[in-house]
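One structure is given here, and the rest of the page talks about it.
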Amino acid sequence: MNVAIVKYNAGNIYSVVNALRRMGIEPMLTDDAEELAKADRVLFPGQGEARGAMEYLKARRLDEVIRSLRQPVLGICVGQQLLCKHSEEGDVDCIGVFDAEVKRFQPKKHEDKVPCMGWNNLRCKAGEKLFEGLGDEPYVYFVHSYYVPLCEETAAAAEYILPYSAAMHKDNFYACQFHPEKSGKVGEQILRNFMEMGLK
């Protein structure tokens, strides 16, 4: 299987590369439109700041390339946020696959820390293939200061300060706010489910 990871100015890409290698997959790191278009699977991970990431993507027209992809695509962390239409982080328009706005967590009491950091459980929407075989409320690892509110495209919810979209799905686009590559066996199963979509 030909697996591509979108190469851009966001951190955390190599932890995803290493997670795939542990699964026996050697991904290709690329910002080439043709390579991304012909890949069987595309991953769009990232940590960092939304405005700077979008400026980089738009300068290379990678926003258009990503929007046009027809194979399964998985956004991770900032990758999920950039697939939305707008982010409060830097007040920037994003790729616009998901019709949702990215918001900053606003603490409501003293113990509400931002960024949200640590393990939390998911409430997965029934029938979502990304979460097959994981039970009702699997635990995964999060690090983020911004979130996507619950919406029509929410595939799994989590709660920190308020309920929010821990994962999203629309057509061939999947995304997760958490880090599957840092979520142990559960995260590995999520990545495996993504790789096996359409093959069963």
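Phi angles of segment 34-40 translate, via the Karplus equation with coefficients 6.51, -1.76, 1.60 and θ = phi - 60°, into HN-Hα couplings of 5, 5, 5, 5, 8, 5, 6 Hz per residue; Gly and Pro are given as x.
Any idea what the dipole of the chain comes to, in debye rounded to 20, about its Cα centre with Lys/Arg Cβ at +1 and Asp/Glu Cβ at -1?
On the way: 25 positive and 29 negative charges, 63 e Å.
The dipole magnitude comes to about 300 debye.
Short to long, the 10 Å bins of the Cα pair-distance histogram for the chain hold 9, 40, 39, 12, 1 percent of all pairs.
In this structure the amide hydrogen of ILE5, modeled in the peptide plane, comes within under 5 Å of the amide hydrogens of MET28, LEU29, THR30, LEU43, none closer than 5 places in sequence on its chain. Bridgeable lysines around LYS182 (alpha carbons under 21 Å apart, same-chain partners fewer than 8 residues away excluded): LYS7, LYS113, LYS129. When the chain is described by a simple charge dipole with +1 on each Lys and Arg Cβ and -1 on each Asp and Glu Cβ, the residue from PRO180, GLY75, ALA100 located farthest towards its positive end is PRO180. Largest first, the extents of the alpha carbon coordinates of segment 131-200 on the three principal axes equal 37, 27, 20 Å. Across all Cα pairs in segment 37-127, the calculated P(r) in 5 Å bins from zero up to the longest distance comes to 3, 12, 20, 23, 17, 13, 8, 3, 1, 0 percent per bin. Phi-derived couplings, Karplus 6.51 cos²θ - 1.76 cosθ + 1.60 at θ = phi - 60°, listed residue by residue for segment 105-110: 4, 10, x, 10, 8, 4 Hz, with x used for Gly and Pro.
In order along segment 175-181, the Karplus-derived 3J(HN,Hα) couplings, from 6.51 cos²θ - 1.76 cosθ + 1.60 at θ = phi - 60°, round to 7, 9, 6, 7, 10, x, 6 Hz, and Gly and Pro are given as x.
Between the amide H of ALA100 and those of LYS85, HIS86, distances stay under 5 Å, these residues lying 5 or more places away or on another chain, with hydrogens modeled in the peptide plane.
We did not get these values from a lab; they are worked out from the coordinates using the rules stated. Because the structure is predicted, anything quoted here is derived from the model rather than measured. Quick reminder, even Gly has a Cβ in these numbers, built from the backbone with ideal geometry, and neighbours come from all protein chains shown.
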